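Inspection log for the structure reproduced underneath, given as structure tokens.
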Amino acid sequence: MPYCAQMAATLRHEVLPRAGDTVRLLFRNFPLAMHPWARTAAEAAACAQDQGDEYFWELHDYLFAQQRELKPANLREALLRQASDMAGFDRRTFEACLEQRKTVAKVDGDLRLGNQIGVRATPTLFINGEQIKVNRPEQILTLLKEIGRRDAGIGN
């Protein structure tokens, strides 16, 4: 997951601010079985998103920031502690969502989609449905500009 954390930071702090409002980031869960708590974390992040996108991103960022300390044995406690620290967030609703695994279908749907479109590792990026094989901010921004120009019919 360190690569996912690095890509998330790159996209949110370097690419999106420079790309402006011409780009929309769509996040899909693709928890890998090799990460023992990734599935639970994905379901928890989806539970947070049920209360608002801002809560999803707050929990998402927390999970990546704490990934070295988190283990299956302490994950639930850490999630609930973080939920208590999020302003305006309903911890009871979140806890019930976790208990009842209400977001299993959402995560399963993301996994099915990822498998259908050829995701084999994370992070994997797509622009307008096309998988891209770059990861540096400058490369991503260049591709976004090229695709934007192509879609606008400029330079054809």
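Those helices (runs of 4 or more DSSP H) of region 39-140 in which 1 or more residues are of a type in the set (Phe, Trp, Tyr) and open to solvent by less than 30 Å² (accessible area, probe 1.4 Å) occupy 53-65, 91-100. Gln51 satisfies every condition listed in (1) under 22 Å from Pro2 (Cβ atoms); (2) touching a residue at least 40 places away in the same chain (Cβ under 8 Å) except (1). All of Ala73, Ala78, Ala83, Ala65 fail the test of being of a type in the set (Gly, Ala, Ser) and touching a Lys or Arg at 6+ places or on another chain (Cβ under 6 Å), apart from Ala83. The residue that is nearest to Leu80 (Cα to Cα), counting only those in region 14-38 that are modelled with pLDDT of 90 or more and open to solvent by 70 Å² or more (accessible area, probe 1.4 Å), is Pro36. Residues that are among the polar types (S, T, N, Q) and either under 27 Å from Gln49 (Cβ atoms) or modelled with pLDDT of 95 or more (or both) within region 107-156 comprise Asn115, Gln116, Thr122, Thr124, Asn128, Gln131, Asn135, listed in sequence order. Mind checking which residues of region 68-80 are farther than 14 Å from Ala45 by Cα and not hydrophobic (A, V, I, L, M, F, W, C)? Arg68, Glu69, Lys71, Pro72, Asn74, Glu77 - these are the residues of region 68-80 that are farther than 14 Å from Ala45 by Cα and not hydrophobic (A, V, I, L, M, F, W, C).
Condition first: small (Gly, Ala, Ser) and touching a residue at least 12 places away in the same chain (Cβ under 8 Å). Can you find one or more residues in region 80-94 that meet it? Yes - at least one qualifying residue is present in region 80-94.
The values are calculated or read from the model by the stated rules, or taken from the named source; none is laboratory data. Quick caveat, the model's predicted, so the values are computed rather than measured. For neighbour counting, all protein chains shown are included, and Cβ atoms are generated from backbone atoms with ideal geometry for every residue, glycine included. To get the accessible areas, we keep the full protein, side chains included, count just its heavy atoms, and leave off ligands, DNA and RNA. Shrake-Rupley method; radii C 1.70, N 1.55, O 1.52, S 1.80 Å.
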